[in-house]
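Student: Have a look at this one before I ask anything.
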Protein chains: 2
Amino acid sequence: MDGDAFNPECPTRLVLDRIGDKWSVLVVLSLRKGPRRFTELRDMIGGVTPKVLTQTLRAMAADGLLTRHVFAEVPPRVEYELTPLGQSLQAPIRAITDWAEQHVNEVMAARESALTG
Amino acid sequence: MDGDAFNPECPTRLVLDRIGDKWSVLVVLSLRKGPRRFTELRDMIGGVTPKVLTQTLRAMAADGLLTRHVFAEVPPRVEYELTPLGQSLQAPIRAITDWAEQHVNEVMAARESALTG
DNA sequence: GTAACCAGTATCCGATGGATACCTTCGGTC
DNA sequence: GACCGAAGGTATCCATCGGATACTGGTTAC
């Protein structure tokens, strides 16, 4: 069953590569409370550049994880919103982020002692 | 609580960046049944090159996720094994891979129709 | 003497990520 | 009527990283 992920040709692996992307994870977290505009996302997610954010959002939209809705207004308004498929990613992503928060001290301690000794 | 992950300076974010790496995920899966040697890992994980596998294993060891044990034998033998910390990553990673397997069809269908339409 | 075994390095190259600057359209301001 | 600012991006350039391929070193088996 999970052996498939080891085969680079396997679709499961392709999906893993996409959702394993660090920006995708943060985008899903950013959209968990409803639609957000481009600049809102850019401001929420520290350190992301507009080019990379655009690439990430386009790729996620192509994968059916979110929708991109353009309002014909001035100044322009574009809203991104998770699809039900994208919503279903919340739980596993929360599992990862919860792990990170619970074990960040252990990891950082290990990383420190690896440097010094 | 989870807002921390949005700050690039936050340790939680640093941890996320590491465990979000696609090779790290596959290494954890590869080691779930016990220790493995370097070439075993290289062969299990399709598409990984020795250089990148070495980098990944070294980084994971520095973060305390696995141990590297060198046996003074000829030919050389090196075994990698998850630490308890690394073992604790199994559950969240399974959540992600299970999601990928369950929804791979939806994602691939969306990706297809994004290409054609 | 030479070939194989294992666990990596060494070297090189193209793709990717990131920083910075710029564009567009419109409405409001002076 | 020139100018500025807003939003949502592109354009351009450069550094870094990932990946492909080749090679090393010590020992033992042939």
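Student: Write down Rg/Rh for region B:17-117, rounded to two decimals, with Rg from the C-alpha atoms and Rh from the Kirkwood relation over Cα pairs.
Tutor: 1.08
Student: Would you mind listing the distances between the A:Val78 label point and the same position in each other copy? Use 7 Å along Cα-to-C-beta, nm, one decimal, shortest first.
Tutor: For A:Val78, the other copies' label points sit at 4.5 nm, shortest first.
Student: Within 10 Å of each Cβ in peptide A:79-88, how many partner chain Cβ atoms are there on average? Round it to a whole number, please.
Tutor: What the average comes to for A:79-88 is 1.
Student: Hey, how many Å between the Cα centroid of region A:1-67 and the Cα centroid of region B:77-102?
Tutor: If we compute the Cα centre of each part, the gap is 21 Å.
Student: Could you work out the helix-only [θ] at 222 nm for chain A, with each DSSP H run of four or more residues adding -39,500 (n - 2.57) and the total divided by the number of residues, to the nearest 500 deg cm²/dmol?
Tutor: Calculated mean residue ellipticity at 222 nm is -18000 deg cm²/dmol.
Student: For Cα pairs less than 8 Å apart in space and 6+ apart in sequence, what is the mean separation divided by the residue count of region A:1-87, i.e. the relative contact order in percent? Before the final figure, lay out the partial values.
Tutor: Values: 88 pairs, mean separation 22.8, N = 87.
Relative CO of region A:1-87 lands at 26 percent.
Student: For the protein assembly as shown, treating each Cα as an identical point scatterer without solvent, what Debye log10 I(q)/I(0) comes out at q = 0.09, 0.11, 0.15, 0.17 1/Å?
Tutor: Each listed q corresponds, in turn, to -0.41, -0.60, -1.04, -1.27.
Student: Just to be sure I understand: chains A and B are related by a rotation, so which residue of A has its Cβ closest to that axis, and how close in Å?
Tutor: Closest Cβ to the A-to-B rotation axis, residue and whole-Å distance: A:Ala95, 2.
Student: Continuing with this model, one more query. In peptide A:104-115, what is the residue-averaged number of other protein chain Cβ atoms found within 10 Å of each Cβ?
Tutor: If you average over the peptide's residues, the count of other-chain Cβ atoms is 5.
Student: If the elastic network links every pair of Cα atoms under 10 Å, which of A:Thr83, A:Thr39, A:Thr49 fluctuates the most in the Gaussian network model of chain A?
Tutor: Comparing A:Thr83, A:Thr39, A:Thr49 in the GNM, the peak value goes to A:Thr49.
Student: Then there's this: Could I get the Rg over Rh figure for region B:55-103? Both from C-alpha atoms, Rh via Kirkwood, rounded to two places.
Tutor: Values: Rg = 14.3 Å, Rh = 12.4 Å.
Using Cα coordinates only, the ratio equals 1.15.
Student: Measuring from a point 7 Å past the Cα of A:Lys33 along Cα-to-C-beta, which residues in region A:41-60 have an amide N at less than 16 Å?
Tutor: Flagged as within label range: A:41-46.
Student: Given a 10 angstrom Cα cut-off, can you work out which residue in B:Lys33, B:Lys22, B:Lys51 is the most mobile in a GNM of chain B?
Tutor: Top of the fluctuation ranking is B:Lys51.
Student: How many partner chain Cβ atoms sit within 10 Å of a residue's Cβ in peptide A:90-98, on average, as a whole number?
Tutor: 6
Coordinate-derived values only; no laboratory data. Since this is a predicted model, take the numbers as computed values, not measurements. Please note: Cβ atoms are built from the backbone with ideal geometry, for glycine as well, and neighbour counts cover all protein chains shown.
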